[in-house]
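Chemist: Take a look at this one; I'll ask things after.
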Amino acid sequence: MSGIDVKIPDEPLDLKDTLRAKLVQSNSGETSLSFVIGDSRITETISAFLWPLWKQQLETEKLSEDEFKKLCSGYEREWWLWIYGDRRYIPCMEGFIGRLSRHLNFNM
């Protein structure tokens with residue numbers, strides 16, 4: 001397998017704005033990376049957005065939802081950079097799809 005064939009969804013700007021607002025509100029405007037690393041709100045929300053869109057392809061490749069959530073969690077720094085505008089959406093998603101592909105290739 002050379003890579004997983006999943007479609008990058010349109011950028012979920014409402015989701016991005018909601019996450020940013022929640023993170024800033026709950027931390028008095030602090031936006032340091034040390035605050036966000038380990039904050040499960042990011043990865044839980046993003047995995048809940050992506051899993052239904054990609055579930056069929058990922059389950060065909062024998063990737064469970066729990067494994068997907070772990071991979072999402074391992075990518076949290078990139079999600080954070082996207083939420084705060086330091087990473088563009090398409091490269092962020094391409095990077096995550098690459099992570100999925102490498103995981104699937106390694107675990108075949």
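Chemist: Simple spin-label model, 7 Å along Cα-to-Cβ: Arg99 to Lys7 in nm?
Modeler: 2.3
Chemist: Here's another thing I want to ask about it. Quick check: residue separation of Lys55 and Asp14 times 0.36 nm, minus the Cα distance between them. What number comes out in nm?
Modeler: Length gained between Lys55 and Asp14: 12.6 nm.
Chemist: While we're looking at this one, here's another question. Enumerate the calculated ³J(HN,Hα) couplings along segment 95-100 in order (Karplus 6.51 cos²θ - 1.76 cosθ + 1.60, θ = phi - 60°), each rounded to whole Hz, writing x wherever the residue is Gly or Pro.
Modeler: Values per residue, Gly and Pro as x: x, 5, 4, x, 4, 4 Hz.
Chemist: I would also like to ask the following. Short version: ³J(HN,Hα) in whole Hz for each residue of segment 5-20, in order, from phi by Karplus 6.51 cos²θ - 1.76 cosθ + 1.60 (θ = phi - 60°), x for Gly and Pro, what are they?
Modeler: Here the 3J(HN,Hα) series is 9, 10, 8, 6, x, 4, 4, x, 4, 5, 4, 4, 5, 5, 4, 4 Hz.
Chemist: Under a plain spin-label model, where a point goes 7 Å from the Cα along Cα-to-Cβ, how far apart in nm are Arg88 and Asp66?
Modeler: Each label point is offset 7 Å from its Cα along the Cβ direction, giving 3.8 nm.
Since every read-out is calculated from the coordinates, none of them should be taken as a lab result. The shown structure was predicted, so the numbers you read here are calculated from the model rather than taken from an experiment. Cβ: placed from backbone, ideal geometry, glycine included. Neighbour counts: every protein chain shown.
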